[in-house]
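Q: Please read through the structure below; I'll follow up with questions.
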Amino acid sequence: MPKSDTTKYTKTGHRRVRRGNAEDAAHLKATLIMAAHDLFANGGLNAVTMRNLASRAEVAAMTPYNYFSSKADLLWHLKNDILRVMLDDQKAAVISCSSAREKLWVSTRDYMRYWLSKPEQYRLMYLPMSLDGDEILTNHHVSDETSLMRDFQIQLVKEFAIETGGNPDYALLTSNFRHAAVLGIIHLHFVNPALMGDMNTAADAFSTLVVDSVEKILKKQMTNEEVLRLTPRAPMN
């Protein structure tokens, strides 16, 4: 990053933050998050370290710890940003759809294609992993972005239930099944890519299968045991 305004840097070449200045602090935190995204995009999860972050953002080695308690805390911000972008993309994708079935199919297809094309983001979002020391990154914290994505997906299923004569009360259960099915398919691809063949063709075919299964569940044409049998098991190692 070019030092176009030297008054914003210390004598040691680090970005200057005025003590107690909230605007400076907010700006630097945003700069750190942007730098973390850049590291992640260019080097994956292994490149996102607090030391690399400090170097990339041109701050002292310990400065990131003033804004993020740990690497897991930093990655939590990245996950939220990824979800925010994905939700915007999902909403834009279904705007032109003419039916609730088409909305659900397009949403399922695009969701699947997104993760299939971004294995590092999938790893960050859904796979528990060891970080520094004994710290573990998990998906246990529910953010506003996570809740908004869930609400959006449940709403799509509710609209589909109404359109097809299914039971909207099953929307939460069915949305959870849909999510588990999609992630299971994606995980199977990462375990053995040969199983999927062409990713886009496979995503189209599996999206049709998932939407058809969703309809059967909403119409009580599948038992709980059949739902469990259809839901792929995604091994975590």
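Q: Just give me the residues in region 42-96 being surrounded by fewer than 16 Cβ atoms within 10 Å (Cβ to Cβ), touching a helix residue (DSSP H, G or I) at 6+ places or on another chain (Cβ under 8 Å) and not in a helix (DSSP H, G or I), in sequence order.
A: Across region 42-96, the qualifying residues are Gly44, Ala60, Ala61, Met62.
Q: Sticking with this one: Please count how many residues of region 29-54 are hydrophobic (A, V, I, L, M, F, W, C) and closer than 15 Å to Ser69 by Cα.
A: So the answer is 7.
Q: Restricting attention to region 145-162, which residues are over 16 Å from Ser213 (Cβ atoms) and in contact (Cβ under 8 Å) with a residue 60 or more places away in the chain?
A: Within region 145-162, Glu145, Thr146, Leu148, Met149, Phe152, Ile162 qualify.
Q: Which condition number does Glu226 fail, the rest of (1) at pLDDT below 85; (2) exposed (fewer than 13 other Cβ atoms within 10 Å of the Cβ) being met?
A: Here Glu226 meets the rest and fails (2).
Q: Failed condition for Ala234, given (1) in contact with a His (Cβ under 9 Å, 6 or more places away or on another chain); (2) at pLDDT 85 or above; (3) of a type outside the set (Lys, Arg), with all others met?
A: (2)
Q: Quick one: what pairs do we get from region 185-202, first residue polar (S, T, N, Q), second assigned to a helix (DSSP H, G or I), C-beta under 9 Å, 6+ apart or different chains?
A: From region 185-202, the pairs are Asn200/Arg109; Asn200/Arg113; Asn200/Leu116.
Q: Report whether or not Gly166 is outside any helix (DSSP H, G or I) and at pLDDT 90 or above.
A: Judged against the criteria, Gly166 is a match.
Q: Which of the residues that make up region 175-213 are over 22 Å from the mean Cα position of the chain (by Cα), at pLDDT 85 or above and of a type in the set (A, V, I, L, M)?
A: Ala205, Leu209
The values are calculated or read from the model by the stated rules, or taken from the named source; none is laboratory data. These numbers come from a predicted model, not from an experiment. Quick reminder, even Gly has a Cβ in these numbers, built from the backbone with ideal geometry, and neighbours come from all protein chains shown.
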